[in-house]
1. Kindly indicate whether Ala75 is modelled with pLDDT of 95 or more, assigned to a loop (DSSP other than H, G, I, E, B) and surrounded by fewer than 15 Cβ atoms within 10 Å (Cβ to Cβ).
2. Of the residues that sit in segment 645-660 and are at pLDDT 95 or above and among the acidic types (Asp, Glu), which one is surrounded by the most Cβ atoms within 10 Å (Cβ to Cβ)?
3. Which pairs have Cβ atoms under 6 Å, sit 6 or more apart or on different chains, and link a residue in segment 197-222 that is at pLDDT 95 or above to one that is among the basic types (Lys, Arg)?
4. Restrict the check to segment 286-293 and report whether at least one residue is surrounded by fewer than 19 Cβ atoms within 10 Å (Cβ to Cβ), within 27 Å of Met414 (Cβ to Cβ) and either without any contact (Cβ under 8 Å) to a residue 40 or more places away in the chain or not aromatic (Phe, Trp, Tyr) (or both).
5. Considering each residue of segment 319-330, count those that are surrounded by 23 or more Cβ atoms within 10 Å (Cβ to Cβ) and under 30 Å from the mean Cα position of the chain (by Cα), and give that number.
6. Considering Tyr367, Tyr360, Tyr391, Tyr425, which residue is surrounded by fewer than 23 Cβ atoms within 10 Å (Cβ to Cβ), aromatic (Phe, Trp, Tyr) and in contact with a helix residue (DSSP H, G or I) (Cβ under 7 Å, 6 or more places away or on another chain)?
7. Quick test for you: out of Ser337, Ser342, Ser350, pick the one residue that is surrounded by fewer than 22 Cβ atoms within 10 Å (Cβ to Cβ), among the polar types (S, T, N, Q), modelled with pLDDT of 95 or more and not assigned by TED's automatic domain parsing to the domain that holds Ala226.
8. Which ones in segment 338-357 are without any contact (Cβ under 8 Å) to a residue 24 or more places away in the chain and either basic (Lys, Arg) or assigned to a strand (DSSP E or B) (or both)?
Amino acid sequence: MQVIINYKIKNMLYKSRFVWIFLFPILLLSCTTTETITNDEVKHISVSEIERPIPYPVEKPNAFKRALRENTRSADGNPGVNYWQNEASYTLSAELDPESHTIYGQARIVYQNNSPNDLNVIVVELAQNLHKAGTAKSEETEITGGKNLTRISLNGNELDETTMEARWMGALDGYIMDGTRLYIFHEQETQSGSSAELEFEWSFEVPQQGASGRMGRSRDNLYMIAYWYPQIAVVDDVYGWMDDPFVGNAEFYHKFSDYDLSITAPENWIVMGTGEFLNPEETLRPEILERYVAAGDSDEVLTIVDFDEVDNATVSTDNGMITWRFQSDRVRDVAFSATRESKWEGARASVQEMNGETEYTRINTFYRETAPLWVEQTDYAQHSITFLSDYTDIPYPWPHMTSVEGADIIGGGMEFPMITLIGDYNNAGAIPLYGVTAHEIAHMWIPMIVSTNERRYTWLDEGHTSFHTQQTNVDRYGEEQFSREDLFSQYLRIAGTDLEGEMMRWSDFHYPGPAYGVASYPKPASVLTALKGILGEDLFIEAHREFMERWEYKHPYPWDFFNTIEDVSGKDLSWFWRSWYYETWILDQSITDVYRDGDQSIIVIEDLGNIPMPVHLKITLEDGSTINEVLDVDHWLMGYRTREFSIDTKSDIVKVEIDSENYFPDINRSNNMWQR
């Protein structure tokens, strides 16, 4: 039987922000349903009869609306015909002094202004100034003095520090340092379509756990150097200059740039960094070079440098120093490691099959003898790279993926383009080590390819990555070990309590406690799983991949994601975005009764939470047959909490389950089943 529910489009305004009702025509197809709702019934709905909050449409910020008007973004989720992004070319050199734990750096940056606006200021991020006394911090942080800038020049002119008062008096050139932000002012604007050349010289003491454990040094035999150079901030078509300070919590928002990177370190320190390793023959001894080359063509894990070979792994030079060179195009950032006692293993991982040919990337692994679980790390990276290349339909694009064991710097993991820092995981175990490896490598897609604004909307990066991690874990270990219920549990621990914060709250503005972590990691991953339950596996993966394809090597915002999913699916999901992303409501669907009425069986469903979702029913009959029904969300959107669903069947119902496949993070699954 075909049953048509024709809801009139109607807006109802009420003092509460939750009761802006948006009703729309719906066609519901069912072979067993006998429930109908008539137009007359709709007409008589009054505000006093509304039993629940109604999710009102998502209101996009004015900055995003302006981008739509200017056609830099599109209402369907595509980049607009006028989309632009600024770029830069960095020539960086660093010298590592292990005796004083100091980095000495130089940079030449050619900054290209592709925006339609002339720029009279350039904003630079100095993340190391988190470790400077007096800089705003979200937590207790080691004080090392931050970045000591000894030279700043713009277009060949040396700049001096200035003040806003001096600028008001007519001084046009100079710079102002404000915590982790550096503002460079210049009389000659960087005009639209033109470029500016900046040069910097600086030094800083490497903290033990720098940038809140994202870089640092360990046991005098390991350095992970990141957030170490003056990096020009993003200016985008939505918010302009992104000059939100780095306070140690919310991560980074970087533009795509080209990098030439040179690192000078003492002999017998092995260096690996972002980019193609350009001079292995100038840095590695011949027998080590031979193994390095072999590992790049090997599916099996090969030892490049063993624990007892580190002292003789590099070439010797007259001054005892070696320069390692790397080059990369269109990446967000560069980082490098320097190890003195780590074993170096290598292999390759497949990333794409084309015309019968397989393309590969190199896998590097560095770990110390105190990290025995890392003997499987190269295999973990191989599996993660290959699976995620296939799942996202974007082959891993870079020449290597390197994992560095960094116990004492970090307990979990931290990602950079082509290189990741991970703890030893001795106490957590092998499977969690695989999981964190998959997670950090998944970041190579978001935000390293799809470059999101992590400083404000961490969930868009970490939530998608946590979702990808779940898929990777399931592929390796199975759904029995990595169930959706386990994924949901991390979010449901605080769901609906005062400890929870809205996902769309700017990341650094969550209340202290678990709110930031839950809103950034397990909740958005759980919500993506729920979205998959609504759309179905095939349509979800189509929409998910389309979002990533549209925004690879670009800067999407949450509304680009929302719009893309709606565009591909053909569904208005405003109620979904509002309920899950903007509120801290909960989902709690329940079966309150099942009874017989003549030839019909009646199932009574009550929605106890405030999040409206479709009801996925699995009905088991006495004769052993099952019926699957999906009750649309629209009944809840009218303001009801209870629904009676009728089914014609000669056999009695013996069992009814809501969401038997566990796609939805329901806070109380004990009331999701009725059994006779």
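The values are calculated or read from the model by the stated rules, or taken from the named source; none is laboratory data. Please read these numbers as outputs of a predicted model, since none were measured by experiment. Cβ sites come from the backbone with ideal geometry, for glycine too, and all protein chains shown count toward neighbours.
1. Numbers: modelled with pLDDT of 95 or more: yes; assigned to a loop (DSSP other than H, G, I, E, B): yes; surrounded by fewer than 15 Cβ atoms within 10 Å (Cβ to Cβ): yes.
Yes.
2. It comes out as Asp659.
3. Filtered contacts from segment 197-222: Glu199/Arg108; Glu201/Arg151; Trp202/Lys147; Phe204/Lys147; Val206/Arg217; Gln208/Arg217; Asn221/Arg340.
4. The answer is no, given that none of the residues of segment 286-293 is surrounded by fewer than 19 Cβ atoms within 10 Å (Cβ to Cβ), within 27 Å of Met414 (Cβ to Cβ) and either without any contact (Cβ under 8 Å) to a residue 40 or more places away in the chain or not aromatic (Phe, Trp, Tyr) (or both).
5. Result for segment 319-330: 1.
6. On the way: Tyr367 fails: surrounded by fewer than 23 Cβ atoms within 10 Å (Cβ to Cβ); Tyr360 fails: in contact with a helix residue (DSSP H, G or I) (Cβ under 7 Å, 6 or more places away or on another chain); Tyr425 fails: surrounded by fewer than 23 Cβ atoms within 10 Å (Cβ to Cβ).
Of the residues listed, the single one that is surrounded by fewer than 23 Cβ atoms within 10 Å (Cβ to Cβ), aromatic (Phe, Trp, Tyr) and in contact with a helix residue (DSSP H, G or I) (Cβ under 7 Å, 6 or more places away or on another chain) is Tyr391.
7. Numbers: Ser337 fails: surrounded by fewer than 22 Cβ atoms within 10 Å (Cβ to Cβ); Ser342 fails: surrounded by fewer than 22 Cβ atoms within 10 Å (Cβ to Cβ).
Answer to the check: Ser350.
8. Pass one, segment 338-357, residues without any contact (Cβ under 8 Å) to a residue 24 or more places away in the chain: 353-357.
Matches in segment 338-357: Glu353, Met354, Glu357.
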